[in-house]
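Step one of this worksheet: look at the structure below.
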Amino acid sequence: MRHLLSAGDLSLAETTGILDLAEQMSLVQARPVKKLPALRGRTVVNLFFEDSTRTRSSFEIAGKWLSADVINISAKGSSVSKGESLRDTVLTVAAMGVDALVIRHHASGAPWQVTQWIDAQVLNAGDGTHEHPTQALLDAFTLRRHFRRTAPGQIDFAGRTVAVVGDVTHSRVARSNVLLLQTLGARVVLVAPPTLMPSGVDSWPVETSHDLDAVLPEVDAVMMLRVQRERMSGGYFPTPREYTVGYGLTRTRLGLLRPDAAICHPGPMNRGLEISADAADSGRSRILDQVAAGVSVRMAVLYQLLGGEDDTPAGGSADARPRTEGRREAPAPDPRGQR
Ligand code: NCD
């Protein structure tokens with residue numbers, strides 16, 4: 001793997017290799033001394049042009065626990081706020097000799113563009129409404145653990161139904177999850193109001209519905225999406241109250257979910273809008289497991305991109321062969337969702 005730009009670039013073997021390696025990395029999280037020497041002498045720059053709590057800090061923790069030198073640059077407080085272009089910013093950072101650039105940018109396709117300008121390895125930490133591949137990997141990690149715990153002995157994703165609910169139009173999390181869950185063999189149902197269902201969704205490998213109450217009883221997991229008001233220019237729904245009535249995971253709707261179904265949300269949550277406190281804090285909520293998984297998965301990804309092949313924490317090596325065929329394009333973001 002040279003870069004990680006799209007969840008669709010990962011083969012099944014690469015995906016399970018990362019998830020297995022992340023399981024090993026998660027052992028570090030439970031240790032009193034959280035440090036592996038694997039990336040000593042390597043430099044990782046987190047370059048964030050959009051706000052972030054979970055993604056940026058978990059990339060930072062992941063790099064540090066692997067002994068890499070990690071530097072954070074955010075648009076606010078850097079020369080970007082003085083008008084420096086993306087190209088000049090990344091050329092400047094690259095000229096200092098960094099090994100990997102973790103980038104979040106409001107323009108879909110920005111991380112790919114950056115790979116054309118510099119030699120460092122590039123990891124997409126969220127580009128506009130396009131993709132967020134490490135989020136999909138951490139969601140898959142969380143769900144795989146959940147499925148293994150609730151139904152041991154069954155195949156992890158085959159025959160599983162995952163509903164992705166809410167503001168699909170503006171969601172890079174949804175796009176990356178659709179691609180990765182397809183690779184893993186799960187059935188995906190997108191549930192959204194017609195105004196928040198992307199226009200080209202017919203060509204995606206998913207089923208769609210506008211009826212959350214009908215879908216919830218069938219699912220093994222439900223992923224609630226944040227309503228991304230910062231990406232909305234017009235009226236996508238009449239009132240927040242109407243959105244919640246139609247598409248929120250309310251206390252009443254919790255009763256429609258199977259007892260072993262997992263509730264996920266990438267965060268940050270709009271409590272009371274797309275998810276109720278009852279759902280977010282229920283025993284079925286895997287939301288904090290997702291946060292913890294973010295560190296393990298990002299350690300695995302940084303290790304696979306920057307590390308050697310043979311010195312994983314347990315001494316094994318994961319399949320990191322690049323995929324040579326069947327590369328897929330991410331479902332295209334709806335132009336209405338572009339900023
Ligand atoms: C997501 C993002 O930024 O794309 N959050 C995250 O990375 N944990 C989802 C969101 O902002 O709604």
Note to self: I'd like to check one number: the per residue accessible area of the chain, probe 1.4 Å, reported in Å² as a whole number.
What the structure shows: 41 Å²
Check: Once both labels are modelled 7 Å past Cα along the beta-carbon direction, what's the residue 239-residue 31 spacing in nm?
Finding: 5.5 nm
Item checked: Cα-based helix-to-principal-axis angle, 54-65 vs the chain, degrees rounded to 10 -> 40 degrees
Notebook entry, point to check: When the scattering of segment 125-196 is computed by the Debye formula from its Cα atoms alone, each counted once and equally, what is log10 I(q)/I(0) at q = 0.13, 0.24, 0.26, 0.28 Å⁻¹?
Noted result: -0.38, -1.07, -1.18, -1.27
Item checked: With every protein chain in place, segment 185-268: carbon and sulfur % of accessible area (1.4 Å) -> 53 percent
Check: Taking a spot 7 Å from the Cα of residue 213 along the direction of its beta carbon, which residues of segment 255-290 have an amide N less than 17 Å from it?
Finding: 255-258
Next item on the list: Name the longest site-free stretch of the chain, where the excluded sites are GluC sites (Glu not before Pro) in a DSSP loop with no more than 16 other beta-carbon atoms within 10 Å.
Entry: 85-308
Next item on the list: Would you mind giving the average projected area, over all directions, of the Cα convex hull of segment 133-287 in nm² with one decimal?
Entry: 8.3 nm²
Note to self: Please compute the alpha carbon radius of gyration of the chain, then divide it by the globular-protein estimate 2.2 N^0.38 Å. Two decimals is fine.
What the structure shows: 0.96
Margin query: Rounding to the nearest 10 and keeping the result within 0 to 90°, find how far the Cα-based axis of helix 86-95 lies from the longest principal axis of the chain.
Written below: 40 degrees
Notebook entry, point to check: What does the charge add up to near residue 144, with Lys and Arg as +1, Asp and Glu as -1, over the other residues with Cβ less than 14 Å from its Cβ?
Noted result: -1
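The values are calculated or read from the model by the stated rules, or taken from the named source; none is laboratory data. Just so it is clear, the model here is predicted, and its values are computed rather than measured. Positions of Cβ are backbone-derived with ideal geometry, glycine not excepted, and every protein chain shown enters the neighbour counts. All accessible areas refer to the heavy atoms of the entire protein, side chains included, with ligands and DNA or RNA removed. Shrake-Rupley method; radii C 1.70, N 1.55, O 1.52, S 1.80 Å.
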